[in-house]
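Participant: Have a look at this one before I ask anything.
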Amino acid sequence: MLNIDYVEIFKSFPPQLATFLIATLPIAELRASIPLALGVYNLPVVSSYIYSVLGNIFPLVFILLFLDPVSNWLSRHFKFFEKFFSWLFARTRRKFSSKYEKWGLVTLAIFVAIPLPVTGGWTGCVAAYLFGIPFKKSFPSITLGVLVAGVIVTLASLGIFSFF
């Protein structure tokens, strides 16, 4: 896991904005923003959840709308991105394909809801793109997954249950 000091990076920001911005970041998403909001910024539980969920959802609209044209342009102009997108797309297809064929959009929501590395909203957008799920169907499903993941991470951050 990446060892990034989000507190240091966002120390000059108000806690609510720092929480929102951390939740927008790939990999970190609300898996990092909720524990930081509760443990470091001492935000109330409901505020931690709301700012984190909104921050996690915010970039997803743009990813769903612009992943195709941006990835195509980058792949055509830079070898690094061609290799990166080939790796990312192959990995996502491998992990998601059989489950999506069986369960449909429920799979997308569950995939996003499981708060593990590379299963959040960003990767859910990549999966939706790869399987040609239109925005009108993928966005609500991914949003549901983010809402559930927020509850799971909040409860775990409060010590109500643990993953290990």
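Participant: Is one or more of the residues making up region 71-87 in contact with a Ser or Thr (Cβ under 6 Å, 6 or more places away or on another chain), surrounded by 14 or more Cβ atoms within 10 Å (Cβ to Cβ), without any contact (Cβ under 8 Å) to a residue 24 or more places away in the chain and farther than 23 Å from P117 by Cβ?
Facilitator: Yes, there is a match, as at least one residue in region 71-87 is in contact with a Ser or Thr (Cβ under 6 Å, 6 or more places away or on another chain), surrounded by 14 or more Cβ atoms within 10 Å (Cβ to Cβ), without any contact (Cβ under 8 Å) to a residue 24 or more places away in the chain and farther than 23 Å from P117 by Cβ.
Participant: If I ask for residues that are of a type in the set (A, V, I, L, M, F, W, C) and free of Cβ contacts under 8 Å to residues at least 12 places away in the same chain, which ones from region 44-70 would you list?
Facilitator: Answer for region 44-70, where residues must be of a type in the set (A, V, I, L, M, F, W, C) and free of Cβ contacts under 8 Å to residues at least 12 places away in the same chain: V46, I50, F62, F66, V70.
Participant: Looking at region 111-130 only, could you name the residues that are surrounded by 18 or more Cβ atoms within 10 Å (Cβ to Cβ) and hydrophobic (A, V, I, L, M, F, W, C)?
Facilitator: Result: F111, V112, A113, W122, C125, V126, A127, A128.
Participant: Follow-up question, since we're still on this one. Condition check: surrounded by 15 or more Cβ atoms within 10 Å (Cβ to Cβ), among the basic types (K, R) and either at pLDDT 95 or above or part of a helix (DSSP H, G or I) (or both). Does K136 satisfy that?
Facilitator: Here the answer is no, as K136 does not meet what is asked.
Participant: Can you list the helices (runs of 4 or more DSSP H) lying wholly within region 1-48 that have 1 or more residues being out of contact with any strand residue (DSSP E or B) (no Cβ under 9 Å at 6 or more places or on another chain) and crowded, with 22+ Cβ neighbours inside 10 Å?
Facilitator: Because the criterion is at least 1 residues that are out of contact with any strand residue (DSSP E or B) (no Cβ under 9 Å at 6 or more places or on another chain) and crowded, with 22+ Cβ neighbours inside 10 Å, the helices (runs of 4 or more DSSP H) in region 1-48 that meet it are 15-24, 29-39.
The values are calculated or read from the model by the stated rules, or taken from the named source; none is laboratory data. Since the model is a prediction, treat every value here as computed from it, not as a measurement. Positions of Cβ are backbone-derived with ideal geometry, glycine not excepted, and every protein chain shown enters the neighbour counts.
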